[in-house]
Amino acid sequence: MKTLNRFRGPRISVDNDRCEVFGICVWEAPGLFQLDRDGRLRYRRQLQEEDFEQAAAAARCCPMQAIVLRGMSDE
């Protein structure tokens, strides 16, 4: 079971060089990701504990593997 890193906190990182803005992350985690009218991906970097499941689903489903979850530990 994963627990939150107490010092840095869980967060999302998106590699903009890899992201092709397919929008699958928006479907998986609409509270964390959104596509603006200009076609840019916006996302909330800091995660709350209740966000982790959706954030992990978005990272798993990203065809470009551009989404990374950071600040998590296996403790």
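The values are calculated or read from the model by the stated rules, or taken from the named source; none is laboratory data. Keep in mind the model is a prediction, meaning the values are calculated, not measured. Virtual Cβ from ideal backbone geometry, glycine too; neighbours counted across all protein chains shown. Accessible surface is based on the protein model in full, side chains and every heavy atom, while ligands, DNA and RNA are left aside. Shrake-Rupley method; radii C 1.70, N 1.55, O 1.52, S 1.80 Å.
Remarks
- Taking only protein heavy atoms and a 1.4 Å probe, the accessible area of the chain is 46% carbon and sulfur.
- MRE, 222 nm, helices only [DSSP H, n ≥ 4, -39500 (n - 2.57), over the chain, to nearest 500]: -5000 deg cm²/dmol
- Summarising the label geometry, the points placed 7 Å from Cα in the beta-carbon direction at Glu53 and Glu20 lie 3.0 nm from one another.
- Rounded to the nearest 20 debye, the dipole magnitude of the stretch 16-69 is 180 debye, with +1 charges on Lys and Arg beta carbons, -1 on Asp and Glu beta carbons, and the Cα centre as origin.
- Rounded to 10°, Cα long-axis angle of helix 52-61 versus longest principal axis of the chain: 50
- Dipole of the chain, positive direction: furthest Cα of Val21, Ala57, Tyr43, with charges on the beta-carbon: Tyr43
- Extended-chain gain in nm, criterion 0.36 nm per residue less alpha-carbon gap, Leu35 and Ser13: 6.3 nm
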